[in-house]
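Undergrad: Encoded as structure tokens, here's the structure I'll be asking about.
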Amino acid sequence: MSDLQEFDLLRQTCSAALKQFITEAHATELRMQVLSLPVSLDVARQVSYQRRAEIQAHEAYMVASSHLAAFVEHHLYIIN
């Protein structure tokens with residue numbers, strides 16, 4: 001795989017992970033806006049599952065972003 005292809009793949013992966021994180025964060029926010037207290041155990045579980053999905057999406061974005069940053073940093077070092 002060429003450097004350009006690798007960069008493009010890393011960029012696409014990072015972009016997809018960011019979109020997923022934004023989607024999950026938005027879903028969490030919507031769920032929190034309609035939440036009324038007190039909550040049932042089922043509702044608390046649903047909120048917890050949604051929050052966990054948001055956290056996992058954030059972690060995936062951070063990993064993808066880190067890989068992309070490392071690739072760019074390595075190639076900037078080569079150029080200098």
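Undergrad: What is the one condition in (1) open to solvent by 50 Å² or more (accessible area, probe 1.4 Å); (2) aliphatic (A, V, I, L, M); (3) under 17 Å from the mean Cα position of the chain (by Cα) that residue 41 does not satisfy?
TA: All conditions pass for residue 41, except number (3).
Undergrad: Consider only pairs whose beta carbons are under 7 Å apart and that are at least six residues apart or on different chains; among these, list those whose first residue lies in the range 43-62 and is over 21 Å from residue 11 (Cα atoms) and whose second residue is among the charged types (D, E, K, R).
TA: Cβ pairs passing all conditions: 47/31; 50/31; 53/24.
Undergrad: Next question, about the same structure. Among 63, 47, 39, which is the only one that is outside any helix (DSSP H, G or I) and not acidic (Asp, Glu)?
TA: Numbers: 63 fails: outside any helix (DSSP H, G or I); 47 fails: outside any helix (DSSP H, G or I).
Testing whether each residue is outside any helix (DSSP H, G or I) and not acidic (Asp, Glu) leaves just 39.
Undergrad: Scan the range 20-38 for residues that are under 22 Å from residue 62 (Cβ atoms) and either in contact (Cβ under 8 Å) with a residue 40 or more places away in the chain or surrounded by 13 or more Cβ atoms within 10 Å (Cβ to Cβ) (or both) and report the count.
TA: Number of matching residues: 8.
Undergrad: Related question: Name, by its number, the condition in (1) among the small types (Gly, Ala, Ser); (2) out of contact with any Phe, Trp or Tyr (no Cβ under 6 Å at 6 or more places or on another chain); (3) surrounded by 14 or more Cβ atoms within 10 Å (Cβ to Cβ) that does not hold for residue 17.
TA: So residue 17 meets the others, but not (2).
The values are calculated or read from the model by the stated rules, or taken from the named source; none is laboratory data. Please read all numbers here as calculations on a predicted model, not as lab measurements. Cβ: placed from backbone, ideal geometry, glycine included. Neighbour counts: every protein chain shown. Ligands, DNA and RNA are excluded from the accessible area calculation, which covers all protein heavy atoms including side chains. Shrake-Rupley method; radii C 1.70, N 1.55, O 1.52, S 1.80 Å.
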